[in-house]
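As structure tokens, the structure follows; a few thoughts come after it.
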């Protein structure tokens, strides 16, 4: 599971990959503003710089079921991200604040992920 805004960084004892809130770089938008995306809270995740970059360039995406997808493109560094494949992201308790499937689908389409 990848969590955002937890109390620790890196691999946690119970197996989650966590990011401290002070290490959150910015919010990555699934459907970016330069593609007419908006600031709807359901159109993004708060991530560290590395994972933000990975989303921006299409290494990572999120399935409608909130599992992480990793690009099949084999290039240097792939193994670093491949360990995240299939891990579920940590979601807000309030369902109204969770990433919306229309934004997730748009991100996957832009970066040519197979439909989930």
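Here are the numbers:
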{"read-out": "The range 65-113 shape via C-alpha gyration tensor axes, a/c threshold 1.5", "value": "oblate"}
{"read-out": "Chain lengthening between residue 109 and residue 80 when straightened (0.36 nm per residue, less Cα-Cα)", "value": "8.1 nm"}
{"read-out": "Least to most buried among 59, 53 (fewest other Cβ within 10 Å first)", "value": "53, 59"}
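All of the numbers you see were taken from the coordinates with simple rules; none came from a lab. As the structure is a prediction and not an experimental result, all values here were calculated from the model. Cβ atoms come from the backbone with ideal geometry, glycine included; neighbour counts cover every protein chain shown.
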